[in-house]
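The values are calculated or read from the model by the stated rules, or taken from the named source; none is laboratory data. Everything quoted here is computed from the prediction, not taken from an experiment. Cβ: placed from backbone, ideal geometry, glycine included. Neighbour counts: every protein chain shown. To get the accessible areas, we keep the full protein, side chains included, count just its heavy atoms, and leave off ligands, DNA and RNA. Shrake-Rupley method; radii C 1.70, N 1.55, O 1.52, S 1.80 Å.
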Amino acid sequence: MAKIKEDCIFCKIANGQIPSNSVYEDEDFNVILDISPASKGHALILPKVHYDNAYEMDEAFAAKVFPLATKLAGAMKKALNCDGLNIVQNNEEAAGQTVFHFHMHLIPRYEGDEVDVTWKQHESVAEEQSEIVKQIQKEL
Ligand code: AMP
Ligand code: ZN
């Protein structure tokens, strides 16, 4: 059972102990504006209970995250009149996570903005791909 974690800034923000620009709140989540936005309207979905990252999240809770993301994405698209929107979620430092309380980014995109959520593409090798499929399937 997930709990609030002492000394976690997102636990404090999600539960209203530190003020934030909250755009949505329910019993499980607080959705706030990012303090250093990548673009106008950049928002973060914060669970009120603490999970370090996505691996820790139980299925029942995880099932609540994406419906909320789509609800917010639709509202933000209308409200901000953005041209696109990235839904991004980083796990561990190597993947760019800097705050170790699960959160999902909603990043509105505007034609010509300089937000960078891209990566270099590489060629795939057929045998390696089928080995990867097997390795992942073993763990499911
Ligand atoms: P990540 O790199 O995925 O861990 O994202 C952390 C995000 O949290 C960054 O976009 C930060 O700008 C944002 N952030 C950090 N501290 C605060 C805060 N006190 N209030 C709102 N957003 C924050
Ligand atoms: Zn936390």
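The conditions are (1) within 12 Å of ligand 2 (Cβ to nearest atom); (2) more than 16 Å from ILE107 (Cβ to Cβ), and LEU46 fails exactly one of them. Which is it?
Among (1) within 12 Å of ligand 2 (Cβ to nearest atom); (2) more than 16 Å from ILE107 (Cβ to Cβ), the lone unmet condition for LEU46 is (2).
When the residues of segment 1-22 are narrowed to those that are in contact (Cβ under 8 Å) with a residue 12 or more places away in the chain and within 28 Å of ASP83 (Cα to Cα), which ends up surrounded by the fewest Cβ atoms within 10 Å (Cβ to Cβ)?
Filtering first and then ranking leaves ASN21.
Counting only residues that are touching a residue at least 24 places away in the same chain (Cβ under 8 Å) and either within 20 Å of GLU114 (Cα to Cα) or hydroxyl-bearing (Ser, Thr, Tyr) (or both), how many does segment 44-72 have?
3
From the list ILE4, ILE45, ILE35, which one is in a loop (DSSP other than H, G, I, E, B) and within 14 Å of ligand 1 (Cβ to nearest atom)?
On the way: ILE4 fails: within 14 Å of ligand 1 (Cβ to nearest atom); ILE45 fails: in a loop (DSSP other than H, G, I, E, B).
The match here is ILE35.
Here's a check for you: in segment 76-99, which residue that is in a loop (DSSP other than H, G, I, E, B) and within 17 Å of PHE10 (Cβ to Cβ) is least open to solvent (accessible area, probe 1.4 Å)?
Going through the qualifying residues, I end up with GLN97.
Hey, can you tell me all the residues within segment 48-97 that are more than 11 Å from ligand 1 (Cβ to nearest atom), of a type in the set (Val, Ile, Thr) and touching a strand residue (DSSP E or B) at 6+ places or on another chain (Cβ under 9 Å)?
VAL65, THR70, ILE87, listed by residue number.
For segment 23-59, name all the residues that are of a type in the set (Gly, Ala, Ser) and either open to solvent by 70 Å² or more (accessible area, probe 1.4 Å) or touching a Pro at 6+ places or on another chain (Cβ under 6 Å) (or both). Spell out the reasoning first.
Residues of segment 23-59 of a type in the set (Gly, Ala, Ser): 36, 38-39, 41, 43, 54.
Within segment 23-59, SER36, SER39, GLY41 qualify.
Just need a number here: residues in segment 100-113 that are farther than 30 Å from PHE61 by Cβ and either modelled with pLDDT under 95 or open to solvent by less than 60 Å² (accessible area, probe 1.4 Å) (or both). Spell out the reasoning first.
Going through segment 100-113, the residues farther than 30 Å from PHE61 by Cβ turn out to be 110-113.
Retained after the next criterion (residues that are either modelled with pLDDT under 95 or open to solvent by less than 60 Å² (accessible area, probe 1.4 Å) (or both)): 110, 113.
Looking only at that region, the number is 2.
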